[in-house]
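Encoded as structure tokens, the structure appears first; notes follow it.
The values are calculated or read from the model by the stated rules, or taken from the named source; none is laboratory data. For clarity, every value in this text was computed on a predicted model and none was experimentally measured. Neighbour counts are summed over all protein chains in view; Cβ atoms, including those assigned to glycine, are modelled from backbone coordinates with ideal geometry.
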Amino acid sequence: MNYLKKPIGLSFELGLGENHKPFIYIGKQKVRQIRPTDKNLVPALHGGIKIDFTYGTMRSPIPKFWKKEFWSREYMVKEPATNRWNSGNHWFVLTLPRCVGMFLFAAYGPKKVQPGFYFGFKTYEVDKISQNLIDYSAGNPEVQAHYKDECAWGTDAEKGNYYMVFSLAFRKDMVDNK
């Protein structure tokens, strides 16, 4: 199958930067960015909104949602059995070679805590984190992931491609890398 290697699209971003100074971006879609970012790709420190209109390939491993582990909130129980990206235990890979989508993000708050949500087709890069099988170390309180050299889904030739995936999240804090 001939997949598009990278989505193309248009972004509208309104963010609040340092000292609550607003910035606006209207232009080419920035892949792998869920939050509004200024011209130097610094995320909006005090929140903002982002709307993307995008066209590309949608690829997503679909989990075995009927398994009870899928519904567990316990990380150690849930991840190894049902992590659709890295366990190799997905039901199938849903692929839409040509897909039109939209993405909406909104958050507001001080630098360290920004409650918010996102909804729609976000973008991701196919790499060892999103595609390779993981061995989980038992007994480690912070779950150490050891990536194997074999793919849990897709092929090695897809590494470096950017795809779209539908996602929905409501969070108390949308700030990454605290």
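GLN33 meets all of the listed conditions (1) touching a His at 6+ places or on another chain (Cβ under 8 Å); (2) within 22 Å of SER130 (Cβ to Cβ) but one, namely (1).
Considering only residues that are charged (D, E, K, R) and surrounded by fewer than 21 Cβ atoms within 10 Å (Cβ to Cβ), look in the stretch 36-50 and name the one that is farthest from GLY116 (Cα to Cα).
Within the stretch 36-50, the subset charged (D, E, K, R) is 38-39, 50.
Of the ones still in play, those that are also surrounded by fewer than 21 Cβ atoms within 10 Å (Cβ to Cβ) are 38-39.
Details: ASP38: 19, LYS39: 22 Å.
Applying the filter and picking the extreme gives LYS39.
Would it be correct to say that LYS50 is at pLDDT below 90 and closer than 17 Å to GLY101 by Cα? It is false that LYS50 is at pLDDT below 90 and closer than 17 Å to GLY101 by Cα.
Checking each residue in the stretch 121-135 for being at pLDDT below 75 and crowded, with 18+ Cβ neighbours inside 10 Å picks out only ILE134.
Among the residues of the stretch 162-178, those that are modelled with pLDDT under 75 and either on the phi > 0 side of the Ramachandran plot or not hydrophobic (A, V, I, L, M, F, W, C) (or both) comprise ASP176, ASN177, LYS178.
Rundown of residues vs (1) surrounded by 19 or more Cβ atoms within 10 Å (Cβ to Cβ); (2) in contact with an Asp or Glu (Cβ under 9 Å, 6 or more places away or on another chain), yes/no style:
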| residue | (1), (2) |
| --- | --- |
| THR82 | yes, yes |
| ASN86 | yes, yes |
| HIS90 | yes, no |
| GLY101 | yes, yes |
| PHE119 | no, no |
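Determine, yes or no, whether GLY109 is under 24 Å from SER60 (Cα atoms) and either in contact with a His (Cβ under 6 Å, 6 or more places away or on another chain) or at pLDDT 75 or above (or both). Lay out the reasoning, then the answer.
Numbers: under 24 Å from SER60 (Cα atoms): no; either in contact with a His (Cβ under 6 Å, 6 or more places away or on another chain) or at pLDDT 75 or above (or both): yes.
Against the criterion (under 24 Å from SER60 (Cα atoms) and either in contact with a His (Cβ under 6 Å, 6 or more places away or on another chain) or at pLDDT 75 or above (or both)), GLY109 does not qualify.
Screening TRP66 with (1) at pLDDT below 90; (2) touching a Gly at 6+ places or on another chain (Cβ under 6 Å) gives one miss only, at (2).
Going through (1) modelled with pLDDT under 90; (2) within 20 Å of LYS159 (Cβ to Cβ); (3) polar (S, T, N, Q); (4) under 18 Å from the mean Cα position of the chain (by Cα) one by one, ASN2 falls short only on (4).
Which members of the stretch 150-161 meet the condition of being at pLDDT 90 or above and buried (at least 17 other Cβ atoms within 10 Å of the Cβ)? Hit for the stretch 150-161 is ASN161, nothing else. Among the residues of the stretch 14-27, not a single one is within 23 Å of GLU125 (Cβ to Cβ) and of a type in the set (D, E, K, R). The sole residue among TYR75, TYR147 that is at pLDDT below 75, loosely packed, with under 15 Cβ neighbours inside 10 Å and of a type in the set (Phe, Trp, Tyr) is TYR75. Of all the criteria given as (1) out of contact with any Leu (no Cβ under 8 Å at 6 or more places or on another chain); (2) at pLDDT 85 or above, the one not satisfied by THR82 is (2).
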